[in-house]
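Participant: My questions will all concern the structure given below.
The values are calculated or read from the model by the stated rules, or taken from the named source; none is laboratory data. This one's a predicted model, so the numbers in the text were calculated from it and none came from an experiment. Backbone-built Cβ (ideal geometry, glycine too); neighbour counts: all protein chains shown.
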Amino acid sequence: MVDTVNYFKKRLKLQQQFGLWIGLADADGYCAEIAANAGYDWLLVDGEHAPNNVRTILTQLQSIAPYPSQPIVRPVVGDVALIKQLLDIGAQTLLIPMIETADQAELMVKATRYPPEGIRGVGAVLARASRWSNIPNYIHVADQEICVLLQIESKKGLENLDEILNVAGVDGIFIGPADLSAELGHRGNPGHEDVQKVIVEMIEKIHKANKAVGIFTADEALIRKYIELGVEFIGIGVDTCLLMDAMKQLITKFKTVTPVLKTSNGYN
Ligand code: 3PY
Ligand code: MG
């Protein structure tokens with residue numbers, strides 16, 4: 001019998017959860033399965049900045065499924081039709097980027113719920129979400145296991161944060177420090193004190209509204225700061241970066257890396 005409980009959602013208010021960004025986007029799900037064995041509470045399958053599509057996301061969900069790590073899927077954009085496809089392949093937790101208004105937030109929640117509450121198209125009978133109709137009553141139990149996480153990462157999103165927080169069905173707000181710091185004039189420097197001030201204020205506000213907060217940073221001092229601030233889900237690394245770091249560390253033990261360029265610009 002398939003366990004339909006969304007453990008990420010269940011744990012959201014009970015404990016801090018640490019996650020890893022999955023950007024390798026391997027179509028066979030092999031790298032995602034390695035990550036699923038590493039002990040992270042959640043794994044973010046990134047369809048925004050990694051070359052994923054519905055099919056490669058599906059494969060990665062299948063690879064992660066046997067393990068305790070919980071998958072979160074980030075679509076490239078908050079699109080109702082794309083959300084329908086992601087839910088039908090079995091995603092239960094979505095992290096939707098670039099949310100800026102309460103109207104957008106409402107639409108995202110509706111996209112994840114069946115009518116009459118929402119507008120999710122009914123058809124999972126033929127899809128993995130219902131395990132091809134093997135989950136009894138899927139249509140009746142699906143909504144309650146969906147977890148909607150919205151990314152606020154622009155000045156406009158920041159301006160509308162209060163209204164967005166009032167939208168029912170939003171389980172958590174994820175602060176996107178990369179985009180936010182760029183918007184605030186500190187591109188590439190989310191640790192800048194001005195950006196940090198805004199982030200701390202956002203965390204307090206989101207907690208006051210009784211919603212969970214998520215954030216990403218690979219900076220250990222900032223991770224510890226966010227732990228202290230009670231951030232519920234913290235992304236602390238990216239598979240592509242970890243791989244690159246480990247590869248560089250190994251080679252630099254034995255030689256100074258001087259890339260051999262095949263052409264003058266090195267691109268082909
Ligand atoms: C951002 O920082 O902008 C993200 O989207 C992810 O951390
Ligand atoms: Mg972003």
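Participant: Given the criterion aromatic (Phe, Trp, Tyr) and crowded, with 21+ Cβ neighbours inside 10 Å, identify the matching residue among Tyr67, Tyr30, Tyr40.
Facilitator: Working: Tyr67 fails: crowded, with 21+ Cβ neighbours inside 10 Å; Tyr30 fails: crowded, with 21+ Cβ neighbours inside 10 Å.
Tyr40 is the lone residue from the list that is aromatic (Phe, Trp, Tyr) and crowded, with 21+ Cβ neighbours inside 10 Å.
Participant: Step by step: first the residues of region 71-95, then only those that are farther than 15 Å from Val109 by Cβ and of a type in the set (D, E, K, R), then the one that is farthest from ligand 2 (Cβ to nearest atom). Which residue is that?
Facilitator: Asp88
Participant: Restricting the search to region 187-199, which residues are in contact with a His (Cβ under 7 Å, 6 or more places away or on another chain) and not in a helix (DSSP H, G or I)?
Facilitator: Quick first cut of region 187-199, residues in contact with a His (Cβ under 7 Å, 6 or more places away or on another chain) only: 192, 194-195.
Within region 187-199, just His192 meets the criteria.
Participant: Of all residues in region 42-59, how many are within 16 Å of ligand 1 (Cβ to nearest atom) and free of Cβ contacts under 8 Å to residues at least 12 places away in the same chain?
Facilitator: Summing the residues that are within 16 Å of ligand 1 (Cβ to nearest atom) and free of Cβ contacts under 8 Å to residues at least 12 places away in the same chain in region 42-59 gives 0.
Participant: While we're on this one: Do we have Glu33 as among the acidic types (Asp, Glu) and within 16 Å of ligand 2 (Cβ to nearest atom) here? It would help to see each step written out before you state the result.
Facilitator: Numbers: among the acidic types (Asp, Glu): yes; within 16 Å of ligand 2 (Cβ to nearest atom): no.
Spelling it out, it is not the case that Glu33 is among the acidic types (Asp, Glu) and within 16 Å of ligand 2 (Cβ to nearest atom).
Participant: What are the residue pairs meeting all of these: first residue in region 168-180, first residue more than 7 Å from ligand 1 (Cβ to nearest atom), second residue among the hydrophobic types (A, V, I, L, M, F, W, C) and not in a strand (DSSP E or B), Cβ atoms under 6 Å, and 6 or more apart or on different chains?
Facilitator: Gly169/Val109; Val170/Ala105; Ile173/Ile206; Ile175/Ile199; Ile175/Met202
Participant: Could you identify the single residue in Met108, Met98 that is touching a helix residue (DSSP H, G or I) at 6+ places or on another chain (Cβ under 8 Å), within 16 Å of ligand 2 (Cβ to nearest atom), on the phi > 0 side of the Ramachandran plot and at pLDDT 95 or above? First the steps, then the outcome.
Facilitator: On the way: Met108 fails: on the phi > 0 side of the Ramachandran plot.
Just a single option satisfies the conditions, and that option is Met98.
Participant: Charged (D, E, K, R) and at pLDDT below 95: is that true of Lys211 in this structure? Let's see the steps before the verdict.
Facilitator: On the way: charged (D, E, K, R): yes; at pLDDT below 95: no.
In short, no.
Participant: Among the residues of region 60-92, which ones are within 15 Å of ligand 1 (Cβ to nearest atom) and touching a helix residue (DSSP H, G or I) at 6+ places or on another chain (Cβ under 9 Å)?
Facilitator: Taking region 60-92 first, the residues within 15 Å of ligand 1 (Cβ to nearest atom) are 72-78.
Passing the criteria: Ile72, Val73, Pro75, Val76, Gly78.
Participant: Please go through (1) under 29 Å from Glu153 (Cβ atoms); (2) at pLDDT below 95 for Gln196 and return the number of the only condition it doesn't satisfy.
Facilitator: Evaluating Gln196 over (1) under 29 Å from Glu153 (Cβ atoms); (2) at pLDDT below 95 leaves (2) as the failure.
Participant: Please work out if Met202 is part of a helix (DSSP H, G or I), closer than 22 Å to Leu229 by Cα and of a type outside the set (Val, Ile, Thr). Walk me through it before giving the result.
Facilitator: On the way: part of a helix (DSSP H, G or I): yes; closer than 22 Å to Leu229 by Cα: yes; of a type outside the set (Val, Ile, Thr): yes.
For Met202, the condition - part of a helix (DSSP H, G or I), closer than 22 Å to Leu229 by Cα and of a type outside the set (Val, Ile, Thr) - is met.
Participant: Name the one entry in Asp143, Asp194 that is touching a Phe, Trp or Tyr at 6+ places or on another chain (Cβ under 9 Å), among the charged types (D, E, K, R), more than 12 Å from ligand 2 (Cβ to nearest atom) and over 14 Å from Leu95 (Cα atoms). Reasoning before the result, please.
Facilitator: Numbers: Asp194 fails: touching a Phe, Trp or Tyr at 6+ places or on another chain (Cβ under 9 Å).
Exactly one residue qualifies, and that residue is Asp143.
Participant: Additional query: Would you pick out the residues in region 129-147 that are surrounded by fewer than 16 Cβ atoms within 10 Å (Cβ to Cβ), in contact (Cβ under 8 Å) with a residue 40 or more places away in the chain and under 20 Å from Val54 (Cα atoms)?
Facilitator: Matches in region 129-147: Arg131 only.
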